[in-house]
Amino acid sequence: MQGTANAASCPVTDDTIRGLWRRAYIKAPAEAPDSEDHETHVYWFQANGLYADLRIPEGFSKGISAACLAELPQEDLLALSACEGFAGWAAVEDGICTWQRAINLQGPESGRDIGRLERTPGGLFEYGVDADFVELWLEQQIDDRAPEGRVFTCDGGFWGFLISSPTRFLFACDRPTRKNLALPWKDALARALTPTDRNQLADLFLAEYSFGRIEHDTAVIELSSHPNRVGKVLCDTLSAASGHLVTHHASFDGAALTHHWTVAKLNASR
């Protein structure tokens, strides 16, 4: 896979990765030599240390017509378990980037998230250190101001990561600590669906990872782990989020939810 980068690479530093990136593809030659994914919609928004990442299958990328997730058939709800999202800290040393996941939509994880990065005219290539894969990341034009990252908490034990620029945002809202998953999300979701446990389903969908645009200070969702929220407003006054943030959500059954966030400090040992 090294031959993918044809041009001379440039040294990669923390400054290099700061910005908004869209994944063009992932290839995993060792596990499946003929397998490539060009379809999943993946965005990585990197601020100064803090980052957030969202990965939504093609079938959910444009949203859904259902008013709430509870209206979806079981097979569609189970398919939502393919969504991925996580947020935390990232740092580059000698061209090797380590992503620490403070929160993770998928729940428990094993292994480390480490990649060797090469910047070329074709994009930013990431080669797995602990796994055999390559991803190509394409830098997205946002604006001249460097993106900012902030961590928030609110009553109920939620943690939220907001990465934003004047025109774009990625917001990662985890489940409350007391509802952390003991199983991977796909397994927990399958268990809640057989037989249907609406209380457990409601808990599983408390997390929301959403990406979108900012128009006149309003954050409008374009891609989300809650695809019924595409086109909806996440926050009315995003620029006022220096110390406090108010976000709008919907429960599994469609009830309107509002979270009032306070800026927090979260260290990597959490």
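The values are calculated or read from the model by the stated rules, or taken from the named source; none is laboratory data. Everything numeric here is computed off the predicted structure, so don't read it as measured data. Counting neighbours? That spans all protein chains shown, and the Cβs are built from the backbone with ideal geometry, glycine included. Each accessible area value is taken on the protein alone, full model and side chains, heavy atoms only, with ligands, DNA and RNA left out. Shrake-Rupley method; radii C 1.70, N 1.55, O 1.52, S 1.80 Å.
General observations
- Which of 265, 232 is most accessible, then next, and so on - probe 1.4 Å: 265, 232
- Only Lys, Arg, Asp and Glu carry charge here, each on its Cβ (+1 for the first two, -1 for the last two); on that basis the chain has a dipole of about 660 debye about its Cα centre.
- Per atom type, the chain shows carbon and sulfur on 48% of its accessible surface, probed at 1.4 Å.
- Helices in the chain, meaning DSSP H runs of at least 4 residues, each add -39500 (n - 2.57). Divided by all residues, the mean residue ellipticity at 222 nm is -2500 deg cm²/dmol.
- Relative contact order of region 85-132: 29 percent, from C-alpha pairs under 8 Å at least 6 residues apart in sequence.
- The heavy atoms of residue 53 offer some 10 square angstrom of accessible surface to a 1.4 angstrom probe.
- Debye-sum result for the chain in log10 I(q)/I(0), which assumes one identical scatterer on each alpha carbon, at q = 0.14 Å⁻¹: -1.00
- Residue separation of residue 129 and residue 98 scaled by 0.36 nm, minus their Cα-Cα distance, works out to 10.2 nm of gained length.
- For the chain, the solvent-accessible area works out to 47 Å² per residue, with a probe of 1.4 Å and every protein chain left in place.
- Fraction in percent of alpha-carbon pairs per bin - 5 Å, region 194-246: 4, 19, 20, 20, 16, 10, 6, 4, 2, 0
- For residue 250, the residues 5 or more places off, or on other chains, whose built amide H falls under 5 Å of its own are 257.
- Counting Lys and Arg as +1 and Asp and Glu as -1 over every other residue whose Cβ lies under 10 Å from the Cβ of residue 242, the net charge comes to 0.
- Cα-based reach from residue 27 at 13 Å (exclusive), listing aspartates and glutamates while leaving out same-chain residues under 8 positions away: 36, 37, 39, 126, 132, 135
- Alpha-carbon centroid distance for the pair region 91-139 / region 174-232, whole angstrom: 24 Å
- Between 144, 14, 113, the GNM of the chain built on Cα springs shorter than 10 angstrom shows 144 fluctuating the most.
- Using only alpha carbons, region 133-229 has a radius of gyration to Kirkwood radius ratio (Rg to Rh) of 1.05.
- Nearby lysines by direct alpha-carbon distance to residue 265 (threshold 29 angstrom, same-chain neighbours under 8 apart not counted): 179, 232
- Semi-axis lengths, Å, region 34-132, gyration tensor of Cα atoms, sqrt of 5 times eigenvalues: 29, 16, 13
- Using only side-chain charges placed at the Cβ, +1 for Lys and Arg and -1 for Asp and Glu, the dipole size of region 47-188 relative to its Cα centre rounds to 440 debye.
- The relative contact order of region 133-223, computed from alpha carbon pairs under 8 Å that lie at least 6 residues apart in sequence, is 23 percent.
- In order along region 183-196, the phi-based Karplus estimate (6.51 cos²θ - 1.76 cosθ + 1.60, θ = phi - 60°) of 3J(HN,Hα) comes to 10, x, 3, 4, 5, 5, 5, 4, 5, 5, 8, 9, x, 5 Hz; Gly and Pro are listed as x.
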